[in-house]
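Take a look at the structure set out below.
The values are calculated or read from the model by the stated rules, or taken from the named source; none is laboratory data. In this text the structure is predicted, and so the values were computed from the model without any measurement. Quick reminder, even Gly has a Cβ in these numbers, built from the backbone with ideal geometry, and neighbours come from all protein chains shown. Just so you know, the surface numbers come from the protein's heavy atoms only, side chains and all, with ligands and any DNA or RNA stripped out. Shrake-Rupley method; radii C 1.70, N 1.55, O 1.52, S 1.80 Å.
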Amino acid sequence: MFGVDGGSEFGQATSLFKDSKLAVYTAKQGIVVLTTTPHTPWMNGRIERAAAIMVEKTRTTMLAYGIPYHLWPFVLDTAVLVSNLLPTRANEG
């Protein structure tokens, strides 16, 4: 289960959420999607904070190692991968 804010990401820009690509995909996969009111980031506090942390990790890594800006997506992917591999309360190991 996850939440989206009804914004233009995930193929929602020109159609209602129920007809979007994301809605079709999640329905096929059996994933429950909670929609929140658009333009209200405080309703998605946990996700907004997680995204901010990933951006901070990416930016810090790029500055520390002098990585060119055009490699941002790859550094972000790496930051997410490393974060997901580290042990946490949700991911004991």
Next on the checklist: With θ taken as phi - 60° and the coefficients 6.51, -1.76 and 1.60, list the Karplus ³J(HN,Hα) couplings across the stretch 71-83 in order, rounded to whole Hz; mark glycine and proline as x.
Outcome noted: 9, 3, x, 6, 5, 4, 4, 5, 4, 5, 4, 4, 4
Checklist outcome for this item: Heavy-atom accessible area of Ile53, protein chains in place, probe 1.4 angstrom, given in Å² to nearest 10, is 60
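Could you please put Glu92, Glu56 in sequence from largest to smallest accessible area, using a 1.4 Å probe? Please report the intermediate quantities before stating the final value.
Values: Glu92 145, Glu56 100 Å².
The residues order as Glu92, Glu56, largest area first.
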Checklist entry - Amide H of Thr36: which non-local residues (sequence gap of 5 or more, or other chain) have their own amide H closer than 5 Å, using H built in the peptide plane? => result Val4, Asp5, Gly6
Next on the checklist: How far apart, in nanometres, would the label points at Ala51 and Leu63 be if each is projected 7 angstrom from Cα along the Cα-to-Cβ direction?
Outcome noted: 2.1
